[in-house]
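This report refers to the structure that appears directly beneath it.
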Amino acid sequence: MTDFWILLTGGLVASCCAILGCFLVLRRMSMIGDAISHSVLPGIVIAFMMSGSRDSFVMLLGASVLGLITVFLIQLFQQSGVQADASIGVVFTALFAIGVVLVSLNLKHVDIDLDCVLYGEIAHVHWNTWELHGSDMGPKAVWMLGFTLLVIIAVIGLFYKQFKLCAFDPALAAAIGIPVALFHYLLMGLVSMATVSSFESVGAILVVGMLIIPASAAYLLTDRLGAMIFISVAIGLASTGLGYGVSVVLDASIAGCMVCAAAVLFILAFLLSPSHGLLARKLRRRSLRERTI
Amino acid sequence: MRLKTNSAIRRWIMAMLFLTAVMLFVTACGSNSGNDFTSGEGKLKVTATIGMIADVVNNIGGDHVEAIGLMGPGVDPHLYKASQGDIKKLDQADVIFYNGLHLEGKMAEMLEKLGKKKTTVAVSSRLEESALRSDPSGAGAHDPHIWFDVRNWISAAEVIRDTLVEKDPANADNYKKRAADYLVKLEELDRYTKEQIASIPEASRVLVTAHDAFGYFGDAYGIKVMGLQGMSTASEYGTKDVTTLRDYLVDNKIKAVFVESSVPKKSIEAVIEGAKQMGHDVAIGGELFSDAMGKRGTEEGTYIGMVQHNVDTIVHALK
């Protein structure tokens, strides 16, 4: 049963992140997950200073607010002409620094850092159950991530065409009357929601990895957005399963193994992809040369 | 043309060999056996989060208990990462002991919930509010490093004794007897620490370390404690912290500062260097065990040995 809950949680995180990751990779903003993982620090510090408790719900609330502020600021700067990578860098370093200053000013003698109070551990999810009227409803993380996945599927599903056009050709999208800014903010809001709830359940590295790696691998394997999303989710799920198997054999960190498995799958895609793979390109180049000679 | 393809293929083979080697290396590093519950029926299986607790459980439980710690020697509890095998250690345990007071971070929240299904006990649970050091900002958080005051650890040992007695009444007498012996040793350790620290001249009774873990030690045994870093080993120290500490060392002619087994030495070395430039030589008094004990099987790998090592190191360097 333990294995089942861990795999289900991992699968939900992988699916949420793999779907959103596709849009982020296309918009060249994949590092946004890493950015949010740092920039929520002032959120949890302020939440702790206001409530005096390190309860996970309070921490999650503080982190969510800061997550939204982060993506809002990044989007705002980017739309105002700052390069995407630079605006991510500016926002998250500045917010993280504010958090560090707050800790050093007010909370020298309290152990408060992200690892300790916000980031969850996937090995522990099945013990962190949600209780409703005294009955055990299963792991809290599964409910929270399941809900997040539903919201993501609903929003992306409803406005798929708009999201697609905004990702590939925002100018054209604006020209035909789609509120591009609104959809950018909507996507960023989803990213913030997915990452913060995943951090709380499974920790940072798994979320950041799953947001970037499966989508990047899928990007190498296809040129169609629809196919890319499905391949990305498939790679995410495969690395969840593979990684868990490896972690059982090695007795190692589960999240670490899952991300390593995703990285191995990415390398395979990089080498063997029929269209963009290293091998395919080499072969094509050789046959071209032989034909010209 | 032929030659070129060959060299390309060779490059691929080299890359693949390299990857395989890396994999094998990782696998070799990963196999840490001898850390699981080995015995079958009959023994009470106990999992403790930190080594200090596992050590007390072993002393009180003796042959009737098999105790393992999640965090090994030299592991900073703030930075502990669960491995897949840790699930089994928690799942199979009859009793789980943890420190509490947020030492284990988010994990403690999970352990409290798990308490509905199996016995999970915070060894700090019987300490009075007045015995705890709280944050000066009044934010309601307590210093979790309670084991530096041996009196606190006596209370922890009593919690462990009573839990074992309750879980395994058949061996209750044995636990009580072993606990009584162990508590005598702890009382002795407490007395020893008091005497030894009191033998340092009063003006030199200052303990300077990298991170702020020795607060209970200072309160209990009358030695002023100064840390460079805050409570969390992940928090950053400011330049002002370095200069304040440096000036204090120079002004009070403190002879030695101490490094900790689970915290990098770099930060404290900056202070020593600074004091040197102001014409005051500060020595590194030795390595103290703070958040984790020494290697298994050595004297410092037990709670009593670790405290003794710390006390002797401090007295030797400051006297």
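Bear in mind these aren't lab numbers, they're just calculated from the coordinates by the rules spelled out. As the structure is a computational prediction, the values presented were derived from the model and not from experiment. Because the Cβ atoms are built from the backbone with ideal geometry, glycine has one as well, and the counts that use them run over all protein chains shown.
Quick look at the values:
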| item | result |
| --- | --- |
| For the range A:204-212, Karplus couplings with θ = phi - 60° (6.51, -1.76, 1.60), whole Hz, Gly/Pro x | 7, 4, 5, 5, 4, x, 5, 6, 9 |
| Packing rank of B:148-155, A:272-279, where each peptide gets the mean count of other beta carbons within 10 Å, highest leading | B:148-155, A:272-279 |
| 25 °C / 0.890 mPa s Stokes-Einstein diffusion coefficient of chain A, Kirkwood radius on C-alpha pairs, µm²/s | 122 µm²/s |
| Chain A - mean residue ellipticity at 222 nm from DSSP helices (-39,500 (n - 2.57) per run, n ≥ 4, rounded to 500) | -26000 deg cm²/dmol |
| Residue exposure sequence - B:S83, A:S192, A:S80 - by fewest surrounding Cβ within 10 Å | A:S80, B:S83, A:S192 |
| Segment B:E129-B:K295, length gained on full extension (0.36 nm per residue, minus Cα span) | 56.5 nm |
| C-alpha center-to-center spacing [the range A:158-210, the range A:260-274] in angstrom | 25 Å |
| Residues whose placed amide H lies under 5 Å from that of A:G138, excluding near-sequence neighbours | A:W130 |
| Rg to Rh, two decimals, where the range A:225-293 supplies the alpha carbon set and Rh follows Kirkwood | 1.21 |
| Intensity falloff of the range A:70-138 expressed as log10 I(q)/I(0), Debye formula with alpha-carbon point scatterers, at q = 0.25 Å⁻¹ | -1.00 |
| q = 0.07, 0.12 Å⁻¹, the protein assembly as shown: log10 I(q)/I(0) [Debye, one scatterer per Cα] | -0.53, -1.26 |
| Derived scalar couplings ³J(HN,Hα) [the range B:201-213; Karplus, 6.51 cos²θ - 1.76 cosθ + 1.60; whole Hz; x for Gly, Pro] | x, 4, 5, 8, 6, 10, 10, 9, 9, 6, 10, 7, 10 |
| Modelled FRET efficiency - R0 41 Å, A:S287 with A:L172, Cβ distances, 0.05 increments | 0.65 |
| Estimated vicinal HN-Hα couplings, Hz - the range A:220-236 in sequence order (Karplus 6.51, -1.76, 1.60; Gly, Pro = x) | 6, 9, 8, 10, 10, 4, x, 5, 4, 4, 5, 4, 4, 4, 4, 5, x |
| Compactness index (Cα Rg / 2.2 N^0.38 Å), the range B:40-194 | 1.03 |
| Span-like helix ranges in chain B, DSSP H, alpha carbon extent 30 angstrom or more, Kyte mean at least -0.5 | B:2-30 |
| Built amide H within the under 5 Å cut-off of B:V225, gap 5+ | B:L207 |
| Rg to Rh, two decimals, where the range A:1-88 supplies the alpha carbon set and Rh follows Kirkwood | 1.07 |
| Alpha-carbon Debye profile of chain B, log10 I(q)/I(0) at 0.06, 0.12 Å⁻¹ | -0.27, -0.86 |
| Mean ellipticity per residue at 222 nm, deg cm²/dmol - from DSSP H runs of n ≥ 4 across chain B, formula -39500 (n - 2.57) | -15500 deg cm²/dmol |
| R0 of 25 Å, Cβ-Cβ distance B:K253-B:E273: FRET efficiency to nearest 0.05 | 0.90 |
